[in-house]
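Here is the structure we will look at, set down as structure tokens.
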Amino acid sequence: MIRKIPLSSPMIEQDDIQAVVDVLKTRWLSLGPKVMEFEEKFAKYIGCKYAVAVNSGTSALHLCIKSLGIGPGDEVITSPFTFVATANCALFEGATPVFADIELDTYNIDPVKIEDKITDKTKAIIDVDIFGVPSNKDAIRAIAEKHGLKVIEDTAEAIGAEYKEKRVGSFFDCSIFAFYPNKQMTTGEGGMIVTDNKEIYELAVSYRNQGRAVDSKWLDHVRLGYNYRLSEINSALGITQLSKIDKILDKRQKVAEEYNRHLNGITGIKTPIESTQDFKVSWFVYVIEVINKEMFMKRLTEKGIQCADYFRPVHLMKFYREKFGFKEGDYPICEEVAAKTVALPFYSNMTKEDIDFVCQKVIEVNNEIQNLT
Ligand SMILES: *Cc1c(COP(=O)(O)O)cnc(C)c1O
């Protein structure tokens, strides 16, 4: 019998289901008390003054770019090893994403490479904590201050991660979180902007809701805005999910430890970076490095285990190649990492039996490949 193990699966419990049902019963489905409660609790959890709930992490990134006044002619430096929305948000506003290569160990943007890319057009850095591993915040802060740059923290994959005992999402001008079902906590679809800056907060609130001023009447639009609102239904789910975020992160930590127990020290496989003195990882995915990625993924899939190509470099996506002329070799570290990384099934409620089963197949495939070479 082939056991079906999903790549990811949200942790939805009875209280989550009840919260959604309760909102439906109130008939108050948008712009109500749940979104405000979700925002207040989220801001408190991260340790910032303001939070603005929106309908996706991508919308959150877009509104950060807009609220910082980034537009045509501006350059925004970010990592090529990320989800495509991190770079796309600059394009939405006619700004140019400029990539700086990553570090081999953390897969995060290399601060040294950021400095090489700064020009007089550079306006901001989008700092990403990829796979829930915090970037080097001290170094990024020093560069931003030296050159007068804004910093957006893309912490979509890193809720609860810490850098020097402070939660990510609280370090720079503004940050974003995302709640798609594969993220640590979910609202179905959803995102959040977090900031200490009142001006960014008020602009984001306005842009999210058709360009209304924070205190203006229903049909009074003071700027070009969008409908990026998060419904009461999603927000209610966000509240229950956030209430058990410690439990979720703890379960994911245990799943990662169980994977490590099987895979640490196996020739041909490199297990993911773990927490250090300086930072605490929030486990988003379990990504290993393998020798022959293409064959590894093919054979693992044949054995009934889903796995994913995480990530393909953004600069090598078709439309980035066509628009900017990027080619292989432009970001060698990113390309080297991307040529080896595979995401294995990973979710909060993954059982020991499922992890053992996946690892058994991973080791089988790894042995087959080792024997070929
Ligand atoms: C998931 C994710 C986003 C975008 O979130 P959506 O809610 O899917 O729009 C942005 N950046 C990173 C790094 C992500 O992983």
Lys, Arg +1 and Asp, Glu -1 on Cβ, resulting dipole of region 246-372 about Cα centre, debye, nearest 20
260
Sorted by chain and then number, the residues having a modelled amide H within less than 5 Å of the amide H of Val98, at least 5 places away or on another chain, are Val76, Ile77, Thr78
Could you tell me how many degrees, from 0 to 90 and to the nearest 10, lie between the Cα long axis of helix 14-26 and the main elongation axis, the longest principal axis, of the Cα atoms of the chain?
30
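Quick one, what does Rg over Rh come out to for the chain if you take C-alpha atoms and the Kirkwood Rh?
Details: Rg = 20.9 Å, Rh = 21.4 Å.
Ratio of gyration radius to Kirkwood radius for the chain: 0.98.
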Excluding ligands, DNA and RNA, the carbon-plus-sulfur percentage of the accessible area of the chain with a 1.4 Å probe reads 53
Under the Debye formula (equal points on every Cα, no solvent term), log10 I(q)/I(0) of region 1-61 at q = 0.14, 0.24 Å⁻¹:
-0.62, -1.16
Quick one: 3J(HN,Hα) in Hz for region 103-108, Karplus 6.51/-1.76/1.60 with θ = phi - 60°, rounded, Gly and Pro as x.
8, 5, 8, 8, 6, 8
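For the chain, report the accessible area per residue in Å² (1.4 Å probe, heavy atoms, rounded to an integer).
Working: 16370 Å² over 373 residues.
I get 44 Å² per residue for the chain.
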For the Cα atoms of the chain, what angle does the longest principal axis make with the long axis of helix 293-302, in degrees from 0 to 90, nearest 10?
80
Computed over the Cα atoms of region 125-237, what is the ratio Rg over Rh, Rh following Kirkwood?
1.02
Please turn the phi angles of region 150-162 into ³J(HN,Hα) values with the Karplus equation 6.51 cos²θ - 1.76 cosθ + 1.60 (θ = phi - 60°), one per residue in order, whole Hz, x for glycine and proline.
7, 10, 9, 9, 8, 9, 4, 9, 10, 4, x, 5, 10
List the chymotrypsin sites (Phe, Trp or Tyr not before Pro) within region 195-270 that DSSP assigns to loop and that have no more than 11 neighbouring Cβ atoms inside 10 Å.
Trp218
Region 1-105, dipole about Cα centre (Lys/Arg Cβ +1, Asp/Glu Cβ -1), debye to the nearest 20
500
Which one of Gln253, Tyr320, Gly265 has its Cα pushed farthest toward the positive end of the charge dipole of region 246-372, where Lys and Arg give +1 and Asp and Glu give -1 at the Cβ?
Tyr320
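Only sites in a loop by DSSP and with at most 15 other Cβ atoms within 10 Å count here; which trypsin sites (Lys or Arg not before Pro) in region 142-209 make the cut?
Loop-located and lightly packed - Lys164.
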Burial order of peptide ranges 57-66, 233-242, 299-308 (average beta-carbon count within 10 Å, highest first):
57-66, 233-242, 299-308
Which order, highest average first, do 322-331, 35-44 follow once you tally other Cβ atoms within 10 Å for each residue and take the mean per peptide?
35-44, 322-331
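Output the pairs from Lys49/Lys164; Lys117/Lys244; Lys166/Lys251; Lys41/Lys198; Lys66/Lys113; Lys123/Lys318 with a Cα-Cα distance over 29 Å in this structure; if there are none, say none. Write down the numbers at each step before the final one.
On the way: Lys49/Lys164 20 Å; Lys117/Lys244 41 Å; Lys166/Lys251 21 Å; Lys41/Lys198 17 Å; Lys66/Lys113 26 Å; Lys123/Lys318 26 Å.
Too far apart for the 29 Å limit: Lys117/Lys244.
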Binning at 5 Å from 0, report for region 220-373 what percent of all alpha-carbon pair distances ends up in each bin.
2, 8, 13, 15, 14, 13, 12, 11, 6, 3, 2, 1, 0, 0
Taking amide H positions as placed 1.01 Å from N in the peptide plane, with prolines and chain starts having none, which residues 5 or more places from Lys49, or on another chain, fall under 5 Å of its amide H?
Thr195, Asp196
Filtered GluC sites (Glu not before Pro), region 155-248: DSSP coil and at most 11 other beta carbons within 10 Å
Glu165
Using a Förster distance of 35 angstrom, determine the FRET efficiency expected from the C-beta separation of Glu93 and Ile333, and round it to 0.05.
0.80
Sort 354-363, 6-15, 246-255 for me by packing, meaning the mean count of neighbouring Cβ atoms within 10 Å per residue, highest on top.
354-363, 246-255, 6-15
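The values are calculated or read from the model by the stated rules, or taken from the named source; none is laboratory data. Note that the structure is predicted; figures quoted are calculated from it, not measured. Note that each Cβ is placed from the backbone with ideal geometry, even for glycine, and that neighbours are counted across all protein chains shown. When the accessible area is computed, the model is the full protein with side chains, heavy atoms only, and any ligands, DNA or RNA have been set aside. Shrake-Rupley method; radii C 1.70, N 1.55, O 1.52, S 1.80 Å.
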